[in-house]
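Here the structure comes first, spelled out in structure tokens, and everything after it is commentary.
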Amino acid sequence: MLLVMISLMAGCTAAHADAAHWTYTGAEGPANWGKLSPDYAMCDKGQNQSPINIRKALNTPLARLQIHYTAAGKDIVNNGHSIQVSFAAGNALTLDNARFELQQLHFHAPSENQIEGKSYPLEAHFVHADKQGHYAVIAVMFRIGKANPGLAKLWRQMPDEAGKPIFLKDSFKPVDLLPKSLAYYRYNGSLTTPPCTEGVRWLVLKNPVTASRAQIEAFEKAMKHHNNRPIQPLNARVVVK
């Protein structure tokens with residue numbers, strides 16, 4: 001993570017124009033990310049990598065999530081790794097006595113994190129950063145069900161091909177994709193894409209929201225491939241809830 005905030009890209013990653021190319025398939029896929037560049041070494045060597053299978057979380061008195069989302073989305077882009085939405089300043093998460101500004105929102109299909117071995121058809125990552133460049137990610141799972149009104153606003157302008165950002169015509173606020181209950185699991189993890197930097201505060205919401213099968217398929221069609229990193233070892237970490 002800890003790179004300049006304005007260069008955040010999909011999978012909670014910060015990308016530079018000269019960064020080594022990576023993909024989700026083939027020789028440049030997840031199994032080889034750590035070998036593509038010295039900058040990506042953590043993808044192989046890290047001990048606190050994401051995503052994980054959340055199992056046997058410890059009951060702990062976690063603080064209620066303090067989310068203040070008021071600003072609408074600015075633009076939407078297909079960056080080849082995900083569909084990403086950027087936001088104007090004004091959306092914040094208060095965590096550990098620090099203010100984390102919402103930088104962007106992006107999606108993975110199928111889900112990257114799992115809950116008790118269960119994978120979901122879609123997962124959204126709300127990527128926040130504080131002034132020191134530390135990151136906090138809120139993850140929201142989607143299950144098949146009723147069409148999601150929030151997704152509908154985004155999908156109407158979802159680009160089918162990778163390219164430049166498109167200004168959002170429909171007013172979309174990030175709260176549109178949050179479940180009513182903000183109960184969550186917490187663990188220490190990493191970016192789920194190169195450079196796989198660690199020290200990321202992960203907040204995985206327990207309750208999924210719904211998306212229609214057609215909405216899931218529309219995202220998969222735009223991506224043309226699965227864009228989820230495989231589950232990583234938990235090692236000595238503890239997940240709390």
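Exactly one of these conditions fails for residue 199: (1) on the phi < 0 side of the Ramachandran plot; (2) under 18 Å from the mean Cα position of the chain (by Cα); (3) at pLDDT 95 or above. Give me its number.
The one condition residue 199 does not meet is (1).
Check region 82-92 and report whether any residue there is assigned to a strand (DSSP E or B) and closer than 16 Å to residue 220 by Cα.
Yes, there is a match, as at least one residue in region 82-92 is assigned to a strand (DSSP E or B) and closer than 16 Å to residue 220 by Cα.
The rows are residues; the columns are (1) among the basic types (Lys, Arg); (2) over 30 Å from residue 59 (Cβ atoms); (3) part of a strand (DSSP E or B); (4) free of Cβ contacts under 8 Å to residues at least 12 places away in the same chain.
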{"site": "146", "(1), (2), (3), (4)": "yes, yes, no, no"}
{"site": "152", "(1), (2), (3), (4)": "no, yes, no, no"}
{"site": "160", "(1), (2), (3), (4)": "no, yes, no, no"}
{"site": "172", "(1), (2), (3), (4)": "no, yes, no, no"}
{"site": "180", "(1), (2), (3), (4)": "yes, no, no, no"}
{"site": "199", "(1), (2), (3), (4)": "no, no, yes, no"}
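Taking region 35-60 as the region of interest, how many residues are farther than 12 Å from residue 232 by Cα, within 20 Å of the chain's Cα centre (by Cα) and not in a loop (DSSP other than H, G, I, E, B)?
Result for region 35-60: 2.
Can you pull out every residue in region 204-241 that is in a loop (DSSP other than H, G, I, E, B) and either open to solvent by less than 30 Å² (accessible area, probe 1.4 Å) or among the acidic types (Asp, Glu) (or both)?
Scanning region 204-241 gives 212, 227, 229, 237, 239.
What are the pairs with Cβ atoms under 7 angstrom where one residue, in region 31-49, is open to solvent by 50 Å² or more (accessible area, probe 1.4 Å) and the other, located anywhere, is of a type in the set (Val, Ile, Thr)? Sequence gap at least six, or different chains.
42/197
The values are calculated or read from the model by the stated rules, or taken from the named source; none is laboratory data. Because the structure is predicted, anything quoted here is derived from the model rather than measured. Glycine also receives a Cβ, built like all others from the backbone with ideal geometry; neighbour counts cover every protein chain displayed. The area values use the complete protein model at the heavy-atom level, side chains included, leaving out ligands, DNA and RNA. Shrake-Rupley method; radii C 1.70, N 1.55, O 1.52, S 1.80 Å.
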